[in-house]
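A.B. asks: Next up is a structure, given as structure tokens.
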Amino acid sequence: MNKDIEKLFKEAKGYVEVDGEGNRSTYTYDFDPDAFASLIVEKCIQTLVNHGYTDAATVLKTEFAEDWQKLEFPEI
């Protein structure tokens with residue numbers, strides 16, 4: 001699991017356990033998937049801003065909706 005994703009997973013009340021051999025187990029007893037999704041989007045927006053893609057960050061922030069079902073890419 002990517003360290004950034006693991007941090008966000010834990011912020012959303014997920015639990016990660018690593019055994020002596022380095023194997024990871026994840027637990028989601030109190031996990032909030034909506035909070036996790038929001039944290040991922042916030043992280044993406046901040047990454048865009050950090051790299052100067054403010055237009056893309058603005059679009060992601062204003063177009064983010066709870067009812068996203070799929071991504072639709074225009075034909076090029």
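The values are calculated or read from the model by the stated rules, or taken from the named source; none is laboratory data. For clarity, every value in this text was computed on a predicted model and none was experimentally measured. A quick note on method: Cβ atoms are made from the backbone with ideal geometry, for glycine too, and the neighbour counts reach across all protein chains shown.
A.B. asks: Within the range 28-61, track down each residue that is free of Cβ contacts under 8 Å to residues at least 12 places away in the same chain, within 21 Å of Glu6 (Cα to Cα) and surrounded by 14 or more Cβ atoms within 10 Å (Cβ to Cβ).
C.D. replies: Passing the criteria: Ala37, Ser38, Glu42.
A.B. asks: The conditions are (1) surrounded by 10 or more Cβ atoms within 10 Å (Cβ to Cβ); (2) modelled with pLDDT of 90 or more, and Phe64 fails exactly one of them. Which is it?
C.D. replies: Going through the list (1) surrounded by 10 or more Cβ atoms within 10 Å (Cβ to Cβ); (2) modelled with pLDDT of 90 or more, Phe64 breaks only (2).
A.B. asks: Continuing with this model, one more query. Return the total of residues in the range 8-63 being under 17 Å from the mean Cα position of the chain (by Cα), among the small types (Gly, Ala, Ser) and outside any helix (DSSP H, G or I).
C.D. replies: Residues in the range 8-63 being under 17 Å from the mean Cα position of the chain (by Cα), among the small types (Gly, Ala, Ser) and outside any helix (DSSP H, G or I): 2 in total.
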